[in-house]
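Participant: This is the structure, below, for whatever I ask next.
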Amino acid sequence: MKRIKIVIGELVSEALMNAVKDGKFGDCSVSDFPDIKIEYPKEEKFGDYSTPIALESARILKKSPFVIGEILSEYLSDSELIDKIDVVKPGFVNIFVSRKYLVNSVIEAVKQGESFGKSQKQNPLRYSLEFVSANPTGPLNVVSARAAALGDSLANIIEASGDHVDREFYVNDHGNQVNLFGLSVYSRYREILGEKIDFPDDGYQGEYVKDIAQHVFDNKEFNADEFASEEEIISFFSKYAISFVVKSQQVVMEKFRVKYKQWFRESTLHENGIVNQTFDEMVSRGVIYDEEGKKFFRATDYDDDKDRVVVREDGRPTYLMADIAYHENKYTRGYDSIIDIWGPDHHGYIARLRGAMIALGHDSEKFRVLIAQQVNLIMDGEAVKMSKRLGRFSTMQELIDDIGVDAARYFFVARSMDSHLDFDLELAKRRTSENPVFYLQYAHARICSIFREAEKRNINIDECSLNQDHLDNPEALSLLKMIVRFPEEIADAASVFEVHRLANYLLRLAQDFHRFYTVNRILTDDTERTESMLIICTAVKNVIRNGLNILGVSAPDSM
């Protein structure tokens, strides 16, 4: 069954064509009109769906928006989908869906079960979605946890809308930070041996550095006699430490229900000559120049505020050059869309990287960066200050252990990613209706308990036994309308890459269900009414389960 938004859009388009054909709008063609938009009214009393096409066409037709809306409503009124049409000032055409269509849609939702909400496309797009990509010099923290929840949930939403997504984690395992990390671990290893050392002033201070050194010692992984120089020793500890941290990051991601297709290592770009090849390509395109021994990318030609160094005086490529090569590699993999989720401190990086892609001849429209704003983790009423280098931070693992995966994932996606997030740990652990995760999961568990009671009473339901005569209160009608919006909410969230829209929709659905449950007895002596109520409950259960699954949150059968 098509999404109602799509059907209404087709009906409005057909009404417009027929009105033009009948000369209702004078000497004009359908191509003169703006694109048809189908929206949700701000208040339920204004209808279930609305279109501003009359308002947006007034200047073109030189007619009153109200008159245009009235003409269109004449051509729309015969559809079985539509119960009523209101044309209201300043020119909105508001549409109320018929009970019959709602009933048929809910029955279809029940039949589809776990697949309800998902769409299929004849020509699905291929997405590359890179998210988290935290430096491999320490445990993942709560900022990474938010990016993980957002990225994985967004990938699930895009997949549910009918496209393919490859999840990717970019491992920055090359450069000075890696050497410093190795030196820090080596210094701690020497301390274990009883040596007095001068720890690097800018070294990594966290307890986890000592843990890695202890792991090397306990497992007898290091033999100094095998190395000819301290440089080789530091290289060993660097690679060992990076591998150790990446493995721990992979374990935490698995616990957080995030599975990447690829953990792409920056070092492979250097080892395979891809960085140099990309630089040579930029030189051949005339977008590189020399100044004081450095190689600059002409970033100002592509809307950046200054030109950027891509190769240092000593010939070493900068981080930017490696990032350019990495994204060039993504383009060569043939993706239709390349999306990165970055932190707020990387906002200024977008123009130079997008400019580099244009300079390399790529379509910049395929490349998009989403910014995930800062997280303030509130503990005992105070925000925790985090610093990986100084060893003061709350790790992602600690967060999972403290509040669980369900609460963490939902809280991280419930607000727009471009909004700052104050994460209230006390609220996340609360088992009351104030906690949105508990509230949602309780709605699902409550429905499951209803069905357990129905089974005890030997009540069986026919999946096609929803009688519209039993929709005799506004709470039931409102709930049905919310149920049938589920596929639209997924499609809309996917189209604008906004995960919070789905999270908020599910919460509204749960609120509508609890109101419905309050005014409607589900299990009664009236067999036909009971079956209708159970069909509605089944549809709600399917939507909550399917929606929470997309967000990576469990839907328990009992609580």
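Participant: If the only charges are +1 at each Lys and Arg Cβ and -1 at each Asp and Glu Cβ, what is the size of the charge dipole of the chain around the Cα centre, to the nearest 20 debye?
Facilitator: Its charge dipole is roughly 980 debye.
Participant: Find which of MET357, PRO474, CYS537 sits farthest along the positive direction of the dipole of the chain, computed with +1 on the beta-carbon of Lys and Arg, -1 on that of Asp and Glu, about the Cα centre.
Facilitator: PRO474
Participant: For the stretch 263-269, just list the computed ³J(HN,Hα) in residue order, Karplus coefficients 6.51, -1.76 and 1.60, θ = phi - 60°, integers in Hz, with x standing in for Gly and Pro.
Facilitator: 9, 8, 8, 4, 4, 5, 5
Participant: Short version: ³J(HN,Hα) in whole Hz for each residue of the stretch 368-383, in order, from phi by Karplus 6.51 cos²θ - 1.76 cosθ + 1.60 (θ = phi - 60°), x for Gly and Pro, what are they?
Facilitator: 9, 10, 9, 9, 9, 6, 5, 10, 10, 7, 9, 10, 6, x, 10, 7
Participant: So what is the relative contact order for the stretch 1-103, in percent, with contacts set as C-alpha pairs under 8 Å and at least six apart?
Facilitator: Relative contact order of the stretch 1-103: 24 percent.
Participant: Next up: Starting at the first residue of the stretch 535-547, write each ³J(HN,Hα) from the Karplus equation 6.51 cos²θ - 1.76 cosθ + 1.60 with θ = phi - 60°, in whole Hz, x for Gly and Pro.
Facilitator: Ordered by residue, 3J(HN,Hα) equals 5, 4, 4, 4, 5, 5, 4, 4, 5, 4, 4, 5, x Hz.
Participant: May I pose another question? Filter the cross-link list LYS111/LYS429; LYS259/LYS366; LYS5/LYS541; LYS255/LYS456; LYS429/LYS541; LYS2/LYS541 down to pairs whose alpha-carbon distance in this structure exceeds 32 Å.
Facilitator: Over 32 Å apart, Cα to Cα: LYS111/LYS429; LYS255/LYS456.
Participant: Could you let me know the centre-to-centre spacing of the stretch 292-335 and the stretch 481-516, using Cα atoms, in angstrom?
Facilitator: 41 Å
Participant: Among PRO34, GLY69, PHE236, which residue has its Cα positioned farthest towards the positive end of the charge dipole of the chain, with +1 placed on the Cβ of Lys and Arg, -1 on the Cβ of Asp and Glu, and the dipole taken about the Cα centre?
Facilitator: GLY69
Participant: Continuing with the same structure: Ordered by packing density, taken as the mean number of other Cβ atoms within 10 Å over each peptide's residues, highest first, how do 75-81, 479-485 rank?
Facilitator: The peptides rank, most packed first, as 479-485, 75-81.
Participant: Which far-off residues, 5 or more places away or on another chain, put their amide H under 5 Å from the one on LYS24, with H placed in the peptide plane?
Facilitator: When sequence neighbours closer than 5 places are left aside, there are no close amide H contacts.
Participant: To the nearest 10 degrees, how steeply does helix 349-359 sit against the main Cα axis of the chain, on a 0 to 90 scale?
Facilitator: 90 degrees
Participant: Rounded to the nearest 5, what is the percent of antiparallel bridges among the DSSP beta bridges in the chain?
Facilitator: 50 percent
Participant: So, for the chain, what is the accessible surface per residue at a probe of 1.4 Å, expressed in square angstrom?
Facilitator: 47 Å²
Participant: Note the listed values [x] 88, 63, 51; [y] 85, 66, 41; [z] 67, 61, 47, then indicate which one is Cα extents along the principal axes in Å calculated from this particular structure.
Facilitator: Computing Cα extents along the principal axes in Å and matching it to [x] 88, 63, 51; [y] 85, 66, 41; [z] 67, 61, 47 gives [y].
Participant: On to the next question. I'd like the distance between the alpha-carbon centres of the stretch 145-213 and the stretch 234-263, rounded to an integer number of Å.
Facilitator: 7 Å
Participant: Next up: Scan around ALA414 for amide H atoms under 5 Å from its own, H built in the peptide plane at 1.01 Å from N, and keep only partners 5 or more places away or cross-chain.
Facilitator: Answer set, sorted by chain and number: none.
Participant: For the stretch 432-476, state which GluC sites (Glu not before Pro) are in a DSSP loop and have at most 12 other beta carbons lying within 10 Å of their beta carbon.
Facilitator: GLU434
Participant: List the residues, sorted by chain then number, that are 5 or more residues from LEU125 or on another chain and whose placed amide H is less than 5 Å from its amide H.
Facilitator: Result for LEU125 returns HIS164.
The values are calculated or read from the model by the stated rules, or taken from the named source; none is laboratory data. Please read all numbers here as calculations on a predicted model, not as lab measurements. Neighbour counts are summed over all protein chains in view; Cβ atoms, including those assigned to glycine, are modelled from backbone coordinates with ideal geometry. To get the accessible areas, we keep the full protein, side chains included, count just its heavy atoms, and leave off ligands, DNA and RNA. Shrake-Rupley method; radii C 1.70, N 1.55, O 1.52, S 1.80 Å.
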